[in-house]
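Chemist: The following block contains the structure, expressed as structure tokens.
Just so it is clear, none of the values below were taken in a lab; they were calculated from the coordinates. Not measured: the values here are computed from a predicted model. Virtual Cβ from ideal backbone geometry, glycine too; neighbours counted across all protein chains shown.
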Amino acid sequence: MLWVMYASALSITGPLTNVEEKLQGAEAALQNLEPDAKSRNLIVNLSARGGLGQIQEAETELHVAVETYRDVLNLVGNSSQAVAGEAHLGLARIHYHR
């Protein structure tokens, strides 16, 4: 959670490349957790991926961002409408600007 919060702060104050690195660190940290912990932290992981999609979108890596947003939607299932909504909004922004 701290990685995600740090990445959020960097997205406001620092270079975007550092944000992506922090979000990837958050995802890597979650992969080593036990299955019970993973299920409790699924929303954090999905939020990190959604944040990564936003960074990719901001850096005009649109094809990569679309894939990241689609991954979020595939993983989210019925677990979080908020995370799914953010991914849908990201996809909508990309398709609107095309």
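Chemist: Ordered by residue, what ³J(HN,Hα) values in Hz, to whole numbers, does region 62-73 give under the Karplus form 6.51 cos²θ - 1.76 cosθ + 1.60, where θ = phi - 60° and Gly and Pro are x?
Modeler: Per-residue couplings from phi come out as 5, 5, 5, 4, 4, 5, 5, 4, 5, 4, 4, 5 Hz.
Chemist: Moving on. With a cap of 12 neighbouring Cβ atoms within 10 Å, and only residues DSSP puts in a loop, list the GluC sites (Glu not before Pro) found in region 48-98. Before the final figure, lay out each step's value.
Modeler: On the way: sites: 57, 59, 61, 67, 86; in loops: 59, 61.
Counting only loop positions with at most 12 other Cβ atoms within 10 Å, none of the GluC sites (Glu not before Pro) in region 48-98 qualifies.
Chemist: How much net charge surrounds residue 65 when only other residues with a Cβ under 10 Å from its Cβ are counted (Lys, Arg +1; Asp, Glu -1)? It would help to have the intermediate numbers written out before the result.
Modeler: Working: positive: 70, 93; negative: 57, 59, 61, 67.
Its environment carries a net charge of -2.
Chemist: Here is a follow-up. Between residue 73 and residue 95, what is 0.36 nm times their sequence separation minus the Cα-Cα distance? Round to one decimal in nm.
Modeler: Length gained, residue 73 through residue 95: 6.3 nm.
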